[in-house]
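First up is the structure itself, then whatever we jot down about it.
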Amino acid sequence: MEGEGFEKADFDAQADVYVINTCSVTDNADKECRQIVRRIQRRAPESLVVITGCYAQLKPEEIAEIPGVDLVLGAAEKFNLPQHIKELSKGDSTKICSCDIEQVNGFHSSYSINDRTRTFLKVQDGCDYNCSFCTIPMARGKSRSDSVANVEAEVKELAARGVKEIVLTGVNLGDFGKGPNGDKRNEETFFELVQVLEKIDGIERYRISSIEPNLLTNDIIGFVANSKKFMPHFHIPLQSGSNKILGLMRRRYKRELYADRVNLIKTLMPHCAIGVDVIVGFPGETEEDFNETFNFLHSLNVSYLHVFTYSERANTRALEIEPVVPMQVRHERNKKLRNLSYMKMQYFTQQHEGQTRKTLFEGHAKNGMMEGYTDNYIKVVVPYRGEWVNEIINWKL
Ligand code: SF4
């Protein structure tokens, strides 16, 4: 947008255009969106308000009914944002530009740079899986990805801009290689991509964001174990430790495969951080099933959990599964796993006490302090030192 003559303003400043990027994973996307639009209307009643993102793709009519919204852009149209804004004037009736998700084609690469030391680079979008609780495929479309050559060119560009660490992201990252229209089969793979990226000069660190356990192959794990640039850190969604629930969720692995992956990682890289996504209160999850998940996670050598409370989503198969778990029970289970996560994190951090690890410090100063992350994702907070910003320092934990 900056290339089209727009200038970025702080959200709390008075701007001419406000763009809200909605999420369909958030429980209260609709309510939150209403509140934000109301705030904008109070501050800048003449401004144009554009809503885009996954929720706008899933429920365009609902969003268009929010007073003060001028334009709703779906998954394909969001990439033509500047053009749409130029054609818009305040007072027109709310315009919806959204097509069926099946028609969404093409891959739009992007990265966030801002003042971040760490940059998030999107290399894949959409998903061909059909997990029964998930609306993401409906909001983002089929699995598409960039080519290895394009990603390579972007990474070189980022290196030239002084970026030290890149986090590779995607909706289903391990499924990289389907091409911009999602019709290619294994011509390029995620494993090939990481091998190419390793050789690029200038970037010192890569992280692989969330990757499905069935796609995190032994080859990738072995590669990371020997890599100088791919950090010893994985985030692997589990969702449930009960094979019965994994089946109902239509996940593509069993708990045994998950345990094998974790064991291999920890054998090759005992210092590796492993984060786990888990959903509690999925329909049909009995006390016994939940305990199975709890005990499984307890026994696994992982570092932290991201715990999600299951919540119903329109047009998903999970709505047909019974019995529904009462909300209060879902919250209790969430709390139990969050406590477990806290203990796992404490244990992981304590294991590294006294070690010296390479830590990349980030730019923002908060109350005179600055933050950094070790290679294995332990957060370090130290008094602010300007000369350490965007530098990798040997730090004794
Ligand atoms: S793999 Fe992830 S994005 Fe794809 S359907 Fe399953 S939960 Fe959703």
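Accessible surface of region 42-200, 1.4 Å probe: 47 percent of it comes from carbon and sulfur atoms. Translational diffusion of the chain, estimated by Stokes-Einstein from the Kirkwood radius over alpha carbon pairs at 25 °C in a medium of 0.890 mPa s, is 107 µm² per second. Solvent-accessible area of region 317-391 (1.4 angstrom probe, protein heavy atoms only): carbon and sulfur portion equals 51 percent. Considered as an equivalent ellipsoid built on the Cα gyration tensor, region 65-121 has semi-axes of 26, 17, 10 Å, the largest given first. Cα-Cα over 26 Å: which of 228/396; 266/396; 86/366; 229/266? The pairs that break the limit, which is 26 Å between Cα atoms, are 86/366. Evaluated on region 218-289, the Kirkwood hydrodynamic radius is 13.4 Å, with distances taken between all distinct Cα atoms. If the Kirkwood radius is taken over C-alpha pairs of region 126-215, then at 37 °C and 0.692 mPa s the Stokes-Einstein diffusion coefficient equals 236 µm²/s.
Applying a threshold of 26 Å to the alpha-carbon distances of 164/184; 8/142; 122/335; 142/164; 254/344; 31/122 flags 164/184; 8/142; 122/335; 142/164; 31/122 as lying beyond it.
Over region 100-253, calculate the relative contact order: mean separation of alpha carbon pairs under 8 Å at least 6 apart, over the residue count, as a percent. The normalised contact order for region 100-253 reaches 22 percent. Cα convex hull, region 31-184: 143 Å³ per residue, rounded to a whole number.
Using the Cβ atoms and a cut-off under 9 Å, what net charge is assigned to the surroundings of residue 212, where Lys and Arg are +1 and Asp and Glu are -1? With Lys, Arg at +1 and Asp, Glu at -1, the net is +1. The helix-based estimate of mean residue ellipticity at 222 nm for the chain, built from -39,500 (n - 2.57) per DSSP H run of four or more residues and divided by its residue count, is -9500 deg cm²/dmol to the nearest 500. Comparing 334, 28, 263 in a Gaussian network model of the chain, where Cα atoms under 10 Å apart are tied by springs, the biggest mean-square fluctuation is seen for 28.
Sorted largest first, the principal axis extents computed over the alpha-carbon atoms of region 305-397 equal 57, 28, 23 Å. Each peptide in 373-380, 84-91 was scored by the mean count of other Cβ atoms within 10 Å over its residues; highest first, the order is 373-380, 84-91.
Using only side-chain charges placed at the Cβ, +1 for Lys and Arg and -1 for Asp and Glu, the dipole size of the chain relative to its Cα centre rounds to 1020 debye. In the context of the full set of protein chains, the chain has a per residue accessible area of 48 Å² (1.4 Å probe).
The values are calculated or read from the model by the stated rules, or taken from the named source; none is laboratory data. All of these numbers come straight from a predicted model, not from anything done at the bench. Cβ: placed from backbone, ideal geometry, glycine included. Neighbour counts: every protein chain shown. Ligands, DNA and RNA are stripped out before the accessible areas are found, and what is left, the full protein with its side chains, is counted by its heavy atoms. Shrake-Rupley method; radii C 1.70, N 1.55, O 1.52, S 1.80 Å.
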